[in-house]
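One structure is given here, and the rest of the page talks about it.
The values are calculated or read from the model by the stated rules, or taken from the named source; none is laboratory data. Just so you know, these numbers come straight off a predicted model, no measurement behind them. Here Cβ is always computed from backbone atoms with ideal geometry, including for glycine, and neighbour counts include all displayed protein chains. Only protein heavy atoms, including side chains, enter the accessible area calculation; ligands, DNA and RNA are left aside. Shrake-Rupley method; radii C 1.70, N 1.55, O 1.52, S 1.80 Å.
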Amino acid sequence: MEILTAFAIGLTFALGLFQILRRNVIRAAIGLMLLTNAVNLFLLSAGAYTGKQAAYVGAVGIQSDALPQALVLTAVVIGLGVTAFVLAMLIVIVQRYKSCDSDEVRGLKR
Amino acid sequence: MSEPLLIFPIILVFAGALAAALCGTPALNRRLSASRLGWILSLFPLGAFVLLLQTVPDLRADMVFTWQVQWMPSIGLNASLYFDSLSALFALLITFIGTLVVIYAGQYFKGDKGTWRFFTYILLFMGAMLGLVMAGDVLTLFVFWEGTSITSFLLVAYKSKDEAARKGAFKALFITVGGGIALLVGLLFMAQVVGDTQFHAILSSGEALRDSRFYPIILVLIALGAFTKSAQFPFHFWLPDAMSAPTPASAYLHSATMVKAGIYLMARLNPVMGLTETWFWLLTVAGMITMLTGAVLALRKTDLKAVLAYSTICQLGILMMMIGQDMEISFKALIIGILAHALYKSALFLVVGIVDHETGTRDLRRLGGLGRSMPFTFAICALAGLSMAGLPPLFGFLAKETLLATAVHPTLPKVVGWVFTLSSVIAGALTLVISGRLVWDTFMGQPGDPDIRGHEAPPAMLIAPALPTVLSLVLGQFPGPKQEALLLANAAGAASGTEVKVSLALWTGLNVPLLLSVIAVSIGTVLFIYRRKVVAWIQALPVVITLNAFFQTFFTGVDTLAKAATRLQHGKLRFYLFTMLVAALGLIFLFDGFPPPINTASMTIPALSFEGELILLKILILFLVAGTALACVVLANDFFAILAFGGSGLGVAVLMAMEPAPDVALVQIVVDILVVIILVLALQQMPASRLQQAQEVAAKHHKTGLWRDALISIVFGIIVMCMTLAALLSRPRFSAVSPYYGETTKITGSKSIVGAILADFRAIDTLNEIVVFSIAGLGIYTLIWFAARKFTGSEPKMGEIGEPPGRTFSTHGIGGPKISPLIAILARVVLPLGMIIGMCELLYGHYQPGDGFSAGVIISIGIGFWYVVFGYHETRRRLAWLRPTALIGWGILMAILSGTAAMIINGSFFSIVDFGKLLGLPLPSAVHLSSSVLFEIAIMLSVVGSVTHMINTLGHPEEKDTLWRS
């Protein structure tokens, strides 16, 4: 079972990375979000226990690890902020360079 | 002994700097001329001088005033002051000469409206220098030490349009700050060995230091700091270049104060670090070479300031050499040398400034015969020069006598002793020649350039060099009140570690030092008579290679490397990412820092085990996550790709719920929905032609590029997969922190451990997170409104932004078609419903999944629905109360206030206070108006504000028109 989970997370990560390495900037933005999802899942899997119960006070049985959950919750929130900001930047970039091709974005070269 | 008054002189001088900066305001600047400014501002250092003078009668032999403030008491760091006779001597010199220099600078810069800048810098420097000599612990010392380096940079580069000034300033900064870093490390080592950062502890642990195996390291590092600061060979080359500073600054920094910082430090540490062989050889040899180098090089120069700079280097070498000795007399020589040098050298610098000011040149070859037109300047210069040459009846004579007395005393092997004596005599003779040239060739004889005509400087300008000169004369003539001798004796005692007797009588009878003095003077006189030949001969000597060459080469090299590195930049962003990834891969394999998760020896690959109740659901969801992610890449239509991404995100949420992590899953669901909305809105912002082009770009893949990217992604995917597998397979593991949180959550009154971690244990992190999120919202708003418009050329007026335009009622939605009444009603219901759900979730969040963030996002989704249904204008019109920026501000303010309120009640920021119970409010059961609930409400407010900004900006229809018009 674990190997399936790991495979799904690895595949999502690889797909996200692949998108970012491509030239289409819109797809790169979506790829970044896939990457975020994969990383969040990975962080969650870094929890120390195989939980049967949510991490609540007084829960009976093995609780899941609350610490990575708190971290991932923050990461999800920041991920939303990053996504929105990336999109705004994308709009400015596409408009500034008049292109959706990331190879055309070469303002640093000047 | 504790003395809070100690801080006042330092504060006073810094207050002066502030006053000087305030004089830069146009209103004051217009009213105050430079000279008046000088007079007014001189009151600050004068006040400090008087304050310091008050303490002198109280300073007995081993008396120390200390004062400290707690900084980080938990790790033993306090900012403190330490004030004894040695500090007092330096502090008095700093404030005395400082006062004169400020008055002088007012005259020097007469008519210059920008002088307030100079005064600010020099008073800042003065404050730092005072702090340095009064510092009571190593860190305070370091802070002020670097403070002097930085302010001296500003002073040297004062004439910033002059390239030489900039370069000289940079060189001085580079060398002294570099030495400062070595010093810091050395001081920290020392504090580590002693176990305390305070000087009073360090100064009583001499044996521990000398016996420590770190002693050589500490010594070398601290010496590096002191040698660079005090321009010792081979680091002396920055000082002549720093002469491009305005003369008042040179007179102050490079004679009396900054360059003495290293001397002060070594003298301060001598009782605990000194009296060892290493110490003796290091300081004596460095000092001796510096002394001779300075003396010889001074003769090569024809620029008066350069001559003075090198003669200062010579004198600094002498002082450093004195610290290295282990005899009583050498410390007498040290202290008298410091005082005498500060008095005559600052006077000479100021005189050179006058000459430069009145004639327009400092070149010895052009000057001469100024004595007739500038009699007072001449008199001052002659007296100061006599003191420098070490002739009676001036104070400098005593300095030279004590030096020579040290030179014949040493308990050294014969040969070394000889070198010591000989070099001291040579240095004495050369100093006489230097000072003779300075005085004679400037004021006597015929001018080298007949056009040079001087006229006497105003009295206000003369007073600055006159006072120290008169003081050298008076100190030499009248050994004066006991008080002074006692101060000097105590200072020398502090530097040597034992009692030192100091008498200021010039005449000590016929003895060997006097004989040596006569020899030195005779040689000097002969050399002076034949000075032209001597100078010509020395100038003909080959240039000695110094570190200067290395310095030049080093920076040329850095520049070349930087240029080469710039050429490597191709400017393609995704290839930068590619490079980083490949480098990361290389590092992983190079350092083998990545343990293989599947240890083939001890572990078999786990078989798929399908027990458990929800296993089929989990498999389904895993396929959903991976499959939709794949679809999101493969689908050509952007809109479908976004939907696929949304599906994948929901799958992730279900996986999270199965962890089980319900809080995270809830946030993931609402965030995923919001991301899809934002993506669609953003895509709408792009013109169709661009989207078309993006698709074409994606289609035009090079085969090789495709394979390359795929390969890199697959490798990283496998790495992530292995890491995840390793994490999952090693469950359950030991966790140091999680059980702690589980146990202590009960205290917070919360049931959800995750919620407790976020809102209570790590509340400040969460506050930061919310601030970051709010900045993202504000950033999008400003980015689109300002950055984007910059390129279209239409500048928005501030008032218009985000204001509801007040159009007539519109029944058309975002896409244009008429809004169905059903949807319109639904939208109206959804928003209040979202608010109710959000509030419930928030209030009961401590018992059930839910928190302020998801509450905020749920409400924002309701608002987003309005934007989609009614369009921008209508939404703005109807929801006029919705002011995103204000919401963000109120939210963050409320978060900070609730934390502060808890701090006032409980004594700790963001601690838990139940306000409901405290105020006796009737609340439903399970609802607690605790500080964490207030915090969650604050989070909700700022999230609503920030998300509204995002939707608002990305969904603005007119914005789209403006953006793409060009």
ask   = Which of the residues spanning segment B:842-871 are free of Cβ contacts under 8 Å to residues at least 60 places away in the same chain and open to solvent by 30 Å² or more (accessible area, probe 1.4 Å)?
value = B:F865
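Across segment B:244-282, what is the total count of residues that are in a helix (DSSP H, G or I) and open to solvent by 10 Å² or more (accessible area, probe 1.4 Å)? Don't jump to the end; show me each part of the working.
From segment B:244-282, those in a helix (DSSP H, G or I) are B:244, B:247-256, B:258-273, B:277-282; that's our starting set.
Pick out the ones that are also open to solvent by 10 Å² or more (accessible area, probe 1.4 Å) and you get B:244, B:271, B:277-278, B:280-282.
Qualifying residue count for the region: 7.
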key: Close pairs (7 angstrom Cβ cut-off, 6 or more residues apart or separate chains): of a type in the set (K, R) in segment B:452-480, at pLDDT 80 or above and in a helix (DSSP H, G or I) anywhere   = none
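Go through segment B:768-788 and give me each residue that's more than 7 Å from chain A (Cβ to nearest Cβ), modelled with pLDDT of 90 or more and surrounded by 21 or more Cβ atoms within 10 Å (Cβ to Cβ).
First, the residues of segment B:768-788 that are more than 7 Å from chain A (Cβ to nearest Cβ): B:768, B:770-771, B:774-775, B:777-778, B:781-782, B:785-786.
From what is left, the residues that are modelled with pLDDT of 90 or more are B:768, B:770-771, B:774-775, B:777-778.
Within segment B:768-788, B:I770, B:S774, B:G777 meet the criteria.
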message = If the requirement is being outside the structural domain of B:T948 (by TED's automatic domain parsing), among the β-branched types (V, I, T) and under 18 Å from A:L32 (Cβ atoms), which of these qualifies: B:I669, B:I678, B:I719?
response = B:I678
remark   = Across (1) facing chain B (nearest Cβ under 7 Å); (2) outside any loop (DSSP other than H, G, I, E, B); (3) free of Cβ contacts under 8 Å to residues at least 60 places away in the same chain, A:T50 clears everything bar (2)
query = Checking B:G749 against (1) on the phi > 0 side of the Ramachandran plot; (2) at the interface with chain A (Cβ under 7 Å from one of its Cβ atoms), which single condition isn't satisfied?
reply = (2)
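To keep it simple, each residue is scored yes or no on (1) more than 7 Å from every other protein chain (Cβ to nearest Cβ); (2) open to solvent by less than 20 Å² (accessible area, probe 1.4 Å); (3) over 30 Å from B:L573 (Cβ atoms).
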{"site": "B:L650", "(1), (2), (3)": "yes, no, yes"}
{"site": "B:A657", "(1), (2), (3)": "yes, no, yes"}
{"site": "B:I678", "(1), (2), (3)": "no, yes, no"}
{"site": "B:L725", "(1), (2), (3)": "no, yes, yes"}
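Being part of a helix (DSSP H, G or I) and of a type in the set (D, E) is the filter here, so list the residues in segment B:647-702 that pass it. Step through it out loud before you land on a result.
So the first thing to find is which residues in segment B:647-702 are part of a helix (DSSP H, G or I), and the list is B:647-657, B:662-685, B:688-699.
Passing the criteria: B:D663, B:D672, B:E696.
Taking B:G845 as the residue in question, decide whether it is within 14 Å of another protein chain (Cβ to nearest Cβ) and either over 33 Å from the mean Cα position of the chain (by Cα) or among the acidic types (D, E) (or both). Steps first, answer last, please.
Working: within 14 Å of another protein chain (Cβ to nearest Cβ): yes; either over 33 Å from the mean Cα position of the chain (by Cα) or among the acidic types (D, E) (or both): yes.
Answer is yes for this residue.
I'd like to check which helices (runs of 4 or more DSSP H) are fully inside segment B:869-931 and have at least 3 residues that are at pLDDT 80 or above and of a type outside the set (A, V, I, L, M).
Details: elements: B:872-878, B:884-906, B:915-919.
Helices (runs of 4 or more DSSP H) meeting the threshold: B:872-878, B:884-906.
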request  = Mind listing just one residue for me: the one in segment A:58-110 that is among the basic types (K, R) and more than 7 Å from chain B (Cβ to nearest Cβ) and, of those, most open to solvent (accessible area, probe 1.4 Å)?
outcome  = A:R110
query = Any residue in segment A:2-22 that is within 7 Å of chain B (Cβ to nearest Cβ), touching a His at 6+ places or on another chain (Cβ under 9 Å) and part of a loop (DSSP other than H, G, I, E, B)?
reply = yes
task = Would you check which residues across segment B:46-85 are open to solvent by less than 60 Å² (accessible area, probe 1.4 Å), among the small types (G, A, S) and modelled with pLDDT under 75 and list them?
result = B:G76
inquiry  = Can you say whether A:L73 is touching a residue at least 12 places away in the same chain (Cβ under 8 Å) and under 25 Å from B:V652 (Cα atoms), as far as the supplied structure shows?
reply    = no
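If the requirement is being in contact with a Phe, Trp or Tyr (Cβ under 7 Å, 6 or more places away or on another chain), open to solvent by 20 Å² or more (accessible area, probe 1.4 Å) and under 25 Å from B:N78 (Cβ atoms), which of these qualifies: B:V143, B:V133, B:V193? First the steps, then the outcome.
Details: B:V143 fails: in contact with a Phe, Trp or Tyr (Cβ under 7 Å, 6 or more places away or on another chain); B:V133 fails: open to solvent by 20 Å² or more (accessible area, probe 1.4 Å).
After ruling out the rest, the residue left standing is B:V193.
Conditions (1) modelled with pLDDT under 80; (2) surrounded by 24 or more Cβ atoms within 10 Å (Cβ to Cβ); (3) part of a loop (DSSP other than H, G, I, E, B); (4) in contact with a Gly (Cβ under 9 Å, 6 or more places away or on another chain), marked per residue:
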site	(1), (2), (3), (4)
B:M322	no, yes, no, yes
B:D326	yes, no, yes, yes
B:I338	no, yes, no, no
B:S346	no, yes, no, no
B:T361	no, no, yes, no
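Quick grid of which residues meet (1) charged (D, E, K, R); (2) facing chain A (nearest Cβ under 7 Å); (3) outside any loop (DSSP other than H, G, I, E, B); (4) crowded, with 18+ Cβ neighbours inside 10 Å:
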| residue | (1), (2), (3), (4) |
| --- | --- |
| B:V715 | no, no, yes, no |
| B:I718 | no, yes, yes, no |
| B:L728 | no, yes, yes, yes |
| B:Y740 | no, no, yes, no |
| B:A756 | no, no, yes, yes |
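Could you tell me whether any residue of segment B:369-382 is at positive phi and either surrounded by fewer than 24 Cβ atoms within 10 Å (Cβ to Cβ) or of a type outside the set (D, E, K, R) (or both)?
Start the filter on segment B:369-382 by keeping residues that are at positive phi, which leaves B:369.
Next cut, either surrounded by fewer than 24 Cβ atoms within 10 Å (Cβ to Cβ) or of a type outside the set (D, E, K, R) (or both) only: B:369.
Yes, segment B:369-382 contains at least one residue that is at positive phi and either surrounded by fewer than 24 Cβ atoms within 10 Å (Cβ to Cβ) or of a type outside the set (D, E, K, R) (or both).
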remark   = Exception for B:A21 within (1) under 18 Å from B:F109 (Cα atoms); (2) in contact with a strand residue (DSSP E or B) (Cβ under 9 Å, 6 or more places away or on another chain) falls at (2)
